[in-house]
Amino acid sequence: MNTQNKQTALSADLNNFIYGVSRRNFQNAPELTKIGISLLRNFPAARDAVLEYFAMVFHDAVNVSINQTDYESDSSANGSLESVSMIGPELCSMGESWAPFIAPWCITLIMDIATEKSNLPNATLQNTEPVRVLLDITTQNLTLLNAEERAKCIDMMLDCRACSWAVGWVGRAEPALVAPRALALGADAARAVLAHLANHPPALYHVRAALVDLFQEAIKEDSKADKKRDVIPYLLNLASKSDIVLKALTQDIALTLTDEVMDRLCVVCATHRHSGAWEGVGPASLVALLLRSDVHCFLLLLKHAQRNVFCRQLLEYLLQKVEYESLFPDSNLPLVMSAAEEINIVREKLLTGNQLEQYSIARILILVCYNLPSEFVSTISYLLQCARSDTTLALLVRVVSGALAMHSPADGPDVHADVERYQNLINTGVEYALRDAMMADTQIKKCFVEGTGTKDEKTYLHHFCLNIVKLLRWERSGVRCAWAARAVAARVGRVGAALRARAALLRERPPATAAALADMPTCHALAQVLDNVDLTGTKSAPPSVEVILKVIQATVQYFFRCLHETDIMAKIRGVQTASRLLRKLCLHSKLARAVALRDLLETAMFREDKVFGSRSDVTNNVASPKDWNGEELLIYMNQKHGPITQLTQSHTSVFHAGIIGKGVRKRSDAGRGAPPVLALDNELLMGALMACMDGNSGIVEGSTSISLLLVELVSPDVMYNGLPWPDEDFTKQVSIERELYMRSAVERCGVSRAALRRTARARPALCLSSALLRAAAASLLHRAHRHTQSAEMVRELAALVELLSVMTLGQLLPHPLSHILELAPELTPSEIVQVLRDCIWNYTRDHVPSPALFSCDSTGLHWRDPSTCKPPPTYTDTLRMIIQKRISKLGHMYPIMFLNLEKDS
Amino acid sequence: MSLSDLKHTLRKLEFPACAKEALIKIEQLLVGRAAPTSKQLDIAMDVISEFVFCETDRRGNRRGLNPLQELQLIDIICDYLSACTNDTTKNTIFLSLFGGMENQRKLKVLSILASMAVSASSTPVLLAVGVWLQQMGCSSQQSLQLVENVIKDHFFLNTSNQLALKSLATTAPQFVSNFITAVTELYMHDLQKAKKMPPKNLLEVITSWVYSNPSLCMSAQLNPAALPSGSIPMAAVTPLAGLIHWCALAPLYIDDDTEMEEIPIKKIKLEDEKPSIVKSLPSKALSESELYIKLHLGVLHSLRAGRRTHGPPTAVNAQHLAALTPLVQAYAHQLLKFGVKLQSETKLQDCLDRIGQAVQVALANGCVYGNISNLLAALDTLPENRLLRIIIKSHQQSI
C-alpha cells in the first residue's frame, strides 16, 4: 500500500513537473520548483532534468531582477525570484554526495549567465539576487568537493573570459587553488580574477603565495630556463596593471628578495635581457612600478644600490621621477604616502644608513614633508632629538631647506604667507622636539636599567641643545636663511622654562631615567642655546614680556646653580653665559632689568645667602624652646606697654637681646667679623648685576633700582620713609631698634654691602639707600662710645670705616668730610662719636642726600662739584679741633683737609 | 504498413506524443505469434531511433533529447510498461528499446528509468530491468554501469528510502537477484587495486534481502524470464558465489579502526533527568563486520535453499569459488612478510573458517557445479586451517 501510494505520488509529481515545464511559463515556477526539489530528493535520477529546469529559472530570474528598476515591486511577486529563493538553501544543503553534480552545474550556469550578460557591468550582475544565490551555492558545493574535482571546476570557470568576477567570488572559498591557476592566464584575465579575489582579505595571502611561488619557480636554476623566460616580465606586466598583484609582490619584499635571490636574479636578467618580453619592462616601467610600491621596496633598492650599478641608476631615475611628479598639485604618489606611513623606519634609516642611503632618503623625506606638514613637523622634531653627528644634522638642514624651497616659488602671490606658514611649522617642530626630549628624559630607559647607559652621560635634552646650538652656529656663519634661529627665538620661552625646570633644585629624579643624570651639563647646554638666540627683535618679532620674564627667571636660577659648581672653569663659564644672557635680555627691556636685579638680589640675600658667607640675621641659640602661654610671651607684654613698642620692626626686638629669664642672647658669631665683601662669588654676582645694567645710562638706573631694592629687602617698612635724616634724638627714642636691625642685616650680608659699594659708584643712586646709611650711622652713634672691649671696638670701627668709605665714594660727604675715612682709625671712641654727630649726622641731616644734589654733566655723568658744595664750618669745626688737638698724630691730614680748602675759597 | 507510411503518420506528431505512438506501433510490429522477420526488426529499430530516442530527425541529422525530454520519454516508457499486461510483450519491447549494446545515450535513459523504477517501486519496470540485466549478463560493462548508477542514486544521493528498497526483495526478486550479482562484481574484487568496499547502507540492504529471503538468490533461476520467441535465454548467475567472496574476504579487509569511529556521541545528561528504569533495548545499528556475519549466515541459508531436487546443480560455480584462493594467499604472503604466524592470525583464520563453512554447505547441498576436484585442490593450497582440512579430506575421499 505504502509503495503504491508512493508510486502514484511520484508519478503524479513527475507528470506535473513534465507538464509544467513543457509550458515554458514561469508563473507557476514556485510550485514546479517545489516539485523539482521533492523529485531531487526522491528520484535522484531525474536530477539532470530538474537542474536543467532550475537553470532556466535562474536565467529568467536574472533577467527579471536586472530589468527590475523600481524597488517598490515586491521581489516575491515574481515566480522565478521566489523559486530562486527556494532553490538556494535547498541546493546548499544537499550534502557531500551531491556536490559533484551541483558544482559543475552551477559553474556552467554562471558561465552561461555571464556570457549572456557580458554587456552588463559586472557589479550590476553580481548584485542581483539570483546570481548571489548561485554564487553561494557554488561556493558551498565547491567546498564539499575533493581537491581534484574542485580544481577541475575552477579550471572550467577560468576558461571563461566573461566570468572572472565569478571566479574571484567563488575563489574566496579556495584561494589556494584559484590564485596559481589565475596566474597561468594572460595578464588581463589574471588581473580581473585577482582583483575580484582580493576583495576577500584572507585570499590575499594565497594570491601572494601564488605570486611568490611563480617567481621563485622562475628563477630556479634548472634546465627549463627557456620556458620560464617570460615569467618575470609577465609578473611585472601584471603588477603594472593590478595594484593587488603589486601589493602582494612587494609585501615583505625583503623576505622575497634575499641576497641569494638577488644574485640569482642578476644571472637570469643577464641571460634574458635581450629577449622580446623583457624589452617591455625597461627602467621606465620599473620606475613606474616603484612609484606605486611601498617604501620597503625603496629601502631594498637603496640597499642594493650600494653594489649594483643598475640599481644605482634606477634609484636616481626613480628619485628624479618622484621629484618631478611631486611638483604637480594633488600628486598622490603611493611611494611617498607609504614613506609617510612608515616614517619611523625611514627616519631610522636616515640616521643609521650609509651616505647614499642618507641622501636618497633625505630626498624622499623632502617630498613627504612637502606633502604632509605634520610629517614635516615630526621629522624636524625627530632629527633634532636624535641627530648625533654633523652629518645627520646636515641632513636635517637639507630636508628643511628642501621642503622650504619646494614650497616657496619665488613668483607666487603669497610668498610671505607661505614662508610664514612654514616658519610656524618649523617652530612647532622645534617645540615638539624640546617637549619630547624633556619627556624622554623622564621615561625609564632600558639602557639605564641595565646600567649600560650612554657613555657620554648626556640627557636627551642635552643632545637636543647641542644640535640646536650647532644649527645656530651654522646659520650665523653661513648665508642660509635663519629658520632655526627664528624658530628657537619664537620658542625661547619654552627653552627658558626647560632651563628653569632643569635648574630647579627640587626636581623629580626618577631612577633609571635620563633625568637622574647630573643636571648641570644639560643646564649649561640649555644656557648655550639661549645664549645663541638672537633676542634683540631685529630679525623677528621681539619676545613677549611673559617670555622675557621666564627666561630671566631661568637665567637667574641657572646663575645660582653655576655658583655651586665645583669645577672652577665650568663655574666661570656658566656665570659668564648667564651674565651674557642677562645683558642681552636687559639691554632692550627695562622690565627685564628690574626683574633680573630683583631676582638676583633677593635670591642672593635670602635663598642663596650661604654661598656668599652671609649669616642669617637672627639666630636663636637659646636652648629648649619652652611652652609659653600667651600671657607670658614678650610680644604681648610689650603690647601692654603702649604705643612705643608697637613701632616698626619692634617684633625683631624680641630676640635682639635675649629672652627674659634666660639671660642675654648668646652670640654664636662672636669673634667672627662681617663676611668679606671681596669674595669670588660676590664678585661674580656683582658682575651679573652689572651685566644687567649695560647700555646707556643703564648703570645709573640699575644702581638706583639696586639701592631701592636693598632698602626694600633689608627692611621693607622704611621704603617710603624718604631720604632725610632726622634729629639724632629722634633715632634714639623711636627708631633705634629698627636701625640696629637694619645695620646688622646689612652687615651680615656681604652681598648687600658689596651692592652698596657698587651703587655708591654710580653717583646719585646711593642717595636712595640713605635709610641704610642712616641706620648704620645711628647705631654707630649709639654704640661707639659704649664699647670699650677691643673686639667690639674693632668691629664698630670697621663698620664706621665701611660707612665712611661708602658715603665718600657716593659723594655724600664732600671734601673735608671725605677724609674722615683716613682719620677714623686714629680716633678715640669719644672723638668718633663727636665726629659722627657733628660732622656726618648733622651735615647729612641738613643736606638731605638726594639725587638733586648731583648735577648731570655733558657726558651724562652725575656728580657733585666739590667746589660748589663746600660744607659750612659748623660741620667741619669739630674735625678741625680734633686734628688740632692731636696735631702730633693727625697733623699730616690738616693741610689736606683744611688748607687747600681755604686756598680754594 | 510500410516504413514510409509509418514514419509519415508518426511525423505528424510532436515529440512526447510521437514516442507514445511509436511504442504502440513497435508493439504491433514485433509482437505476434511468430518471430518477427528481420525486415520488421529493422523497421522497429528505425522507428525507435527516430521517434522514441529522437536520435536522428527525418533528414538523418543527429539530434538528441535534453534532460527534460528524456524525463518525458521515461515517463512515457514507464507508463507503457506498467500498462503492459503480457510479460513477453513487455520484455520484447524493453529489450528492443534498450538491447543495443553500445549506445551510451540509451544506457543513460535506461539508468534513469531503472532508478526511477526503484524510487517508485514500480514492479513491472523492475522486472523488465531484471530481464535486461540477465540477458546482457550481470557482469557485462553495461550492466555494471547501470547498477552503478542505481547505487549512486539510491545509496549515495538519496539515502532516505531504505525501507522501500528492502521491500523490493518481495516485489521484484528476479531484479534484486540479478542486481546483487552485478553488485558483487563491483566491490571487493581485486586485491591489487585499492580495496573498494561496498557502502554500508548498500551492505545493510543486501544483508536484509538475503537474510530474510533464502530463496531470493535462486529466484532468477527459478523464474525463467518470459522472452520473445526465438531469442536465446541467457543463464542466470546467482549472487551466491559473489556473496561468499564478500563474506570470506570481509575479515581481511575491514579495519577495526574505522569501526571505532561509529560510536555515537554520548548525550549530555540533564541534571534532573532520571535514568530510565526500563532500559530500552540496544537498537544500535550493526557494525560492518557484524553485518557481514549476518550476511554470511544468510548466504549459508540460501545455499541450503539452493538444493535442487532434480537436474544438475546451478547455484555456485566451483571455478568462481576457487578464484578466492589467490586473494587469500596474497594476504597470507603479506602476513608472512611481516613475520606473523598464520595459525594465530585471527582475521585470516576467520576468513578460512568462513570459506570452509560455505564450501561445506554448498557441497553438502549439491549446489556446486563445475570442476569440484579443482576447487578442492585450490583450497588445499590455502594456509593451514583445521575445518578446511577436514572438509577437503572428506570430500576428496567421496569423489
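The values are calculated or read from the model by the stated rules, or taken from the named source; none is laboratory data. Remember, it's a predicted structure, so these values are computed and weren't measured experimentally. In this analysis, Cβ positions are derived from the backbone assuming ideal geometry, glycine residues included, and neighbour counts consider all displayed protein chains. These accessible areas exclude ligands, DNA and RNA; they are computed on the full protein's heavy atoms, side chains included. Shrake-Rupley method; radii C 1.70, N 1.55, O 1.52, S 1.80 Å.
Count charges around B:SER302 for me, please; just the other residues with Cβ under 14 Å from its Cβ, Lys/Arg as +1, Asp/Glu as -1.
Surrounding charge for B:SER302 is +4.
Once you sort the root eigenvalues of the Cα gyration tensor of the range A:1-146 as a ≥ b ≥ c, which label holds: rounded (a/c under 1.5), prolate (a/b larger than b/c) or oblate (the other case)?
Judged from the Cα gyration tensor, the range A:1-146 comes out oblate (a/c at least 1.5, b/c at or above a/b).
Put +1 on the Cβ of each Lys and Arg and -1 on the Cβ of each Asp and Glu in the range A:1-146; which of A:SER38, A:LEU134, A:ALA12 then has its Cα farthest toward the positive end of the dipole?
Positive-end residue among those listed: A:ALA12.
Using a 1.4 Å probe on the protein chains only, how many percent of the accessible area of the range B:67-238 belongs to carbon and sulfur?
With neighbouring chains kept in place, the figure for the range B:67-238 is 56 percent.
Sort the range B:67-238 into rounded, prolate or oblate with this rule: let a ≥ b ≥ c be the square roots of the eigenvalues of the Cα gyration tensor; rounded if a/c is under 1.5, and if a/c is not under 1.5, prolate when a/b is larger than b/c, oblate otherwise.
On the way: a/c = 1.38, a/b = 1.27, b/c = 1.09.
Taking the square roots of the gyration eigenvalues as a ≥ b ≥ c, the range B:67-238 is rounded.
Could you tell me the calculated FRET efficiency between B:VAL340 and A:THR256, based on Cβ-Cβ distance and R0 = 45 angstrom, to the nearest 0.05?
Between B:VAL340 and A:THR256 the formula returns 0.30.
Pairs B:LYS90/B:LYS152; A:LYS247/A:LYS303; A:LYS470/A:LYS590; A:LYS117/B:LYS152; B:LYS196/B:LYS341: which are spaced more than 25 Å apart, C-alpha to C-alpha? Mind dumping the intermediate values first?
Working: B:LYS90/B:LYS152 27 Å; A:LYS247/A:LYS303 20 Å; A:LYS470/A:LYS590 31 Å; A:LYS117/B:LYS152 36 Å; B:LYS196/B:LYS341 27 Å.
The pairs that break the limit, which is 25 Å between Cα atoms, are B:LYS90/B:LYS152; A:LYS470/A:LYS590; A:LYS117/B:LYS152; B:LYS196/B:LYS341.
Sticking with the crude label model, points 7 Å out along Cα→Cβ, report the distance from A:ARG837 to A:ASP159 in nm, one decimal please.
13.7 nm
Once the dipole of the range A:763-905 is set up with Lys and Arg at +1 and Asp and Glu at -1 on Cβ about the Cα centre, which of A:SER867, A:THR828, A:LEU817 lies farthest towards its positive end?
After comparing all options, I get A:THR828.
Using the heavy atoms of the protein chains and a 1.4 angstrom probe, tell me the accessible area per residue for chain B in square angstrom.
Values: 19680 Å² over 399 residues.
Heavy-atom SASA per residue in chain B reads 49 Å².
Using a 1.4 Å probe and counting only protein heavy atoms, how much accessible surface gets buried when A and B come together, both sides summed, in Å² to the nearest 100?
Its buried surface, counting both partners, is about 2200 Å².
Taking the Cβ-Cβ separation of A:ASP418 and A:THR442 as r and a Förster radius of 35 Å, what is the calculated FRET efficiency to the nearest 0.05? Please list the in-between numbers first.
Details: r = 37 Å, r/R0 = 1.05.
In this case the efficiency is close to 0.45.
Please work out the Cα center distance from the range A:329-398 to the range A:817-849, rounded to the nearest Å.
Taking the Cα centre of each part, the range A:329-398 and the range A:817-849 sit 77 Å apart.
Based on alpha-carbon centroids, what's the gap between the range A:736-755 and the range A:526-573 in Å, whole number please?
31 Å
Starting from 0.36 nm per residue, how many nanometres of slack lie between B:LEU13 and B:TYR369 once their C-alpha separation is accounted for?
Length gained between B:LEU13 and B:TYR369: 122.8 nm.
List, by residue number, every residue in the range B:69-107 with a reduction of 40 Å² or greater in accessible area between the chain on its own and the complete protein assembly, 1.4 Å probe.
B:LEU71, B:GLN72, B:ASP75
What are the ³J(HN,Hα) values, in whole Hz, obtained from phi via the Karplus relation 6.51 cos²θ - 1.76 cosθ + 1.60 with θ = phi - 60°, for each residue of the range B:344-352 in sequence order, with x given for Gly and Pro?
So the Karplus estimates, Gly and Pro as x, are 9, 7, 5, 4, 5, 5, 4, 4, 5 Hz.
So which residues in the range A:15-44 end up with at least 40 square angstrom less accessible surface once the other protein chains are there, compared with the chain by itself, probe 1.4 angstrom?
With the partner chains in place, the range A:15-44 has these residues losing at least 40 Å²: A:ILE18, A:PHE43, A:PRO44.
Roughly speaking, what is the centre-to-centre gap between the range B:299-352 and the range B:102-132 when only Cα atoms are used, to the nearest Å?
Answer, in whole Å: 34.
Quick one: which bits of the range A:47-66 get at least 50 Å² less accessible when the partner protein chains are in, versus the chain alone, with a 1.4 Å probe?
A:ASP48, A:ALA49, A:GLU52
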